[in-house]
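None of the figures in this text is laboratory data; all of them are computed from the coordinates on show. Since the structure is predicted, the reported quantities are computational estimates derived from the model, not experimental observations. Glycine gets a Cβ as well: all are built from the backbone with ideal geometry, and neighbour counts include every protein chain shown.
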Number of protein chains: 2
Amino acid sequence: MNAAGDPSAEAERLLKRDAEWAALASAGRDIDRILSYWTDDAVVLAPAFAPVIGKAALRGYVENSFRIPGFKISWKSSEVRFSPDLNLAYMFGENTVSMNGPNGTPITTKGRAITIWRREPDGQWRCAVDIWNDGPRS
Amino acid sequence: MNAAGDPSAEAERLLKRDAEWAALASAGRDIDRILSYWTDDAVVLAPAFAPVIGKAALRGYVENSFRIPGFKISWKSSEVRFSPDLNLAYMFGENTVSMNGPNGTPITTKGRAITIWRREPDGQWRCAVDIWNDGPRS
């Protein structure tokens, strides 16, 4: 416990929130709720894509993703690290993205992600940066 | 100016420090000084590589990189964002890595990076996380 709160309780809260987000993204239906986990100025750096910056662009990015035949995303995060004031955090994640390849066979890629989260004035954590890349070929 | 200090002065200080680091890495000689910019527990997530975690592993990673024929790295960072207490920061970066391909011709890849920095007890900023991926093919 420090002056800003209890880091381990806050880490648990943040990981739970991230897991809720992942479940919504994996279900792939409620775009408004999915978008609500990002800050208004959030930046997503997806491999081989131009940076996606801000809510309007993120909406397009999510809508386009869900239109890809066979698209499915899942992720799991861990190891939350905070600033001492518990207002900025980052965590590590592992994600899996599937989509149908040219001949209809599913193609799955696995990535390692860093997400950076900000506790906003309403007290809620939102993701401000999301970047990932592919791990070693197994 | 806030209670923790002046964010714009601190951003300038941090970008200057990052530029010094980039110059040392680009010169590719002083491995001890290059390593001194990372925290002891730093994590580097390079595309297609297993995570490189901690100083000993980072030393091996840097030494191996500098042994690659034609290896050269450069980067430039911008847009520093702080936690309100100015003890945790992240910034955006663009990097260029060159090495000789199988037939000796240089191969150059450009990436977009996020680095996360921690102000350590000695007051110095050190990089705790470094992750990047390739941008869109141009």
Being without any contact (Cβ under 8 Å) to a residue 12 or more places away in the chain and either within 14 Å of A:ALA19 (Cα to Cα) or surrounded by fewer than 19 Cβ atoms within 10 Å (Cβ to Cβ) (or both): is that true of A:PRO106 here?
no
Checking B:GLU79 against (1) surrounded by 12 or more Cβ atoms within 10 Å (Cβ to Cβ); (2) more than 8 Å from chain A (Cβ to nearest Cβ); (3) under 16 Å from the mean Cα position of the chain (by Cα); (4) charged (D, E, K, R), the condition it does not meet:
(1)
Condition first: hydrophobic (A, V, I, L, M, F, W, C), buried (at least 20 other Cβ atoms within 10 Å of the Cβ) and within 9 Å of chain B (Cβ to nearest Cβ). Can you find one or more residues in the range A:88-100 that meet it?
yes
Residues of the range A:124-138 being at the interface with another protein chain (Cβ under 9 Å from one of its Cβ atoms) and over 14 Å from A:PRO51 (Cα atoms), in sequence order, are A:ASP134, A:GLY135, A:PRO136, A:ARG137
Just checking, does the range A:102-117 include any residue being closer than 24 Å to A:PRO7 by Cβ, touching a helix residue (DSSP H, G or I) at 6+ places or on another chain (Cβ under 8 Å) and not charged (D, E, K, R)?
yes
For the range A:99-132, name all the residues that are among the acidic types (Asp, Glu) and closer than 21 Å to A:GLU79 by Cα.
A:GLU120, A:ASP130
Test B:GLU120 against the stated conditions and say whether it is loosely packed, with under 15 Cβ neighbours inside 10 Å and either acidic (Asp, Glu) or within 12 Å of chain A (Cβ to nearest Cβ) (or both).
yes
Residues of the range A:19-52 classified as surrounded by 15 or more Cβ atoms within 10 Å (Cβ to Cβ) and farther than 19 Å from A:SER65 by Cα, total
1
Does A:ILE114 meet the test of being surrounded by 15 or more Cβ atoms within 10 Å (Cβ to Cβ), closer than 19 Å to B:PHE92 by Cα and either of a type in the set (A, V, I, L, M, F, W, C) or facing chain B (nearest Cβ under 10 Å) (or both)?
yes
